[in-house]
Each structure stands twice: as structure tokens, then as C-alpha cells.
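In what follows, a single structure is set out as C-alpha cells and then discussed.
The values are calculated or read from the model by the stated rules, or taken from the named source; none is laboratory data. Computed from a predicted model, the values in this text were never measured in an experiment. Note that we place each Cβ from the backbone using ideal geometry, even for glycine, and neighbour counts take in every protein chain shown.
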Amino acid sequence: MYNMVTNAKNGCSWEAFEAYRHLKCLGYILRRHGVPWTVKRPKVSPYTIHSTTEVDCTSNAKLEDSHLISEVLTNMGIGELKPVFDVYPPNAKFRKSSPGDPCFVLCVTRGSPPSQQEIKDLERRCHGIPLKICNIEHGRVSFFSFDRVELPALP
């Protein structure tokens, strides 16, 4: 477990743990973003039929593979700011079977604040659920949110 947190494996990082701990102490209910509360496992039949398929290698296979690899790397968003937790308000009647919409989605930053384009992309991916950015620095947990404001033109 300690190894996963220190090496930031499987979405676990020290910063994410600090944010989780801080919000849990305040009574919030947290869920990892994009991970269901429970996973139903399909029933496995004792009689499994394994099939084999042959792959036809053509001259375009290398081009298709390189295109596929570059597409996968682009979609991974390495180094990109990602939603980490769905946060629900403290509620004694909360049920995992019907949690409703989260109060906000939390993203954890390391170092510099996100750019305006990153914030717009995150808001689009959150589908209308408010977004909060968490920054952990020297054990201090800070939360930020951004609102659109139009200033009137001065004469």
C-alpha cells in the first residue's frame, strides 16, 4: 500500500490521500471518480469454450499499429489534470445504491495551477457538476473553484 502511494500507482498518490483524509474528517463521502461503488462479477460457467482466431498480417499492419499506439498515448493524457474524487455532502441517509449526483468533482494538482484550457476541459468532462481544484503544499490542503464572471465595461 505504501509503495502504491509513494509511486502514485493505480491513481493513488500522497496528494490524493491527503485530500481524501481532509474531506473525510469533515464528514464528506468520497468515491474515486469513474469507479463504481461495487463491481458485480459475471457468473463463470464451469464449461468454458476457448476459441482461437488467426490474425492476417498485411503491409498496413505496422502503420495501423503506430497510429493505434499514438492514439492510445494521446487519450491517456499523461501529466494531464484529471478528476480524482466524486464528493458527496455529509448525509446520514446516503446510500451507495442510489447516491445521486455528487456535490462536486475534485481534482488534485501538483505544483503549478492548471491553465484556463485545462479548467475548461475538466468542466466539460464533469458534465455540469461543479469542479474544485485541490492543492496540497507542505501538508496544507487548499481548495479552489472558478466561476465565470463578466465585468461591465467602464465608460
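Does any residue in segment 14-25 that is within 11 Å of Leu106 (Cβ to Cβ) come within less than 9 Å, Cβ to Cβ, of a residue that is part of a helix (DSSP H, G or I) six or more places away or on a different chain, and which pairs are these?
Between residues of segment 14-25 that are within 11 Å of Leu106 (Cβ to Cβ) and residues that are part of a helix (DSSP H, G or I), the close pairs are Ala16/Val5.
Rundown of residues vs (1) buried (at least 19 other Cβ atoms within 10 Å of the Cβ); (2) closer than 12 Å to Leu81 by Cβ; (3) under 12 Å from the mean Cα position of the chain (by Cα); (4) acidic (Asp, Glu), yes/no style:
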{"position": "Gly100", "(1), (2), (3), (4)": "no, no, no, no"}
{"position": "Val105", "(1), (2), (3), (4)": "yes, yes, yes, no"}
{"position": "Arg110", "(1), (2), (3), (4)": "no, yes, no, no"}
{"position": "Ser115", "(1), (2), (3), (4)": "no, yes, no, no"}
{"position": "Ile119", "(1), (2), (3), (4)": "no, yes, no, no"}
{"position": "Arg124", "(1), (2), (3), (4)": "no, no, no, no"}
{"position": "Ile129", "(1), (2), (3), (4)": "no, no, no, no"}
{"position": "Glu137", "(1), (2), (3), (4)": "no, no, no, yes"}
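Does any residue of segment 109-125 turn out to be among the basic types (Lys, Arg), modelled with pLDDT of 85 or more and either in a strand (DSSP E or B) or in contact with a strand residue (DSSP E or B) (Cβ under 9 Å, 6 or more places away or on another chain) (or both)? Show your work before the answer.
To start, the set of residues in segment 109-125 that are among the basic types (Lys, Arg) comprises 110, 120, 124-125.
Next cut, modelled with pLDDT of 85 or more only: 120, 124-125.
If we keep only those that are either in a strand (DSSP E or B) or in contact with a strand residue (DSSP E or B) (Cβ under 9 Å, 6 or more places away or on another chain) (or both) as well, we get 125.
Yes.
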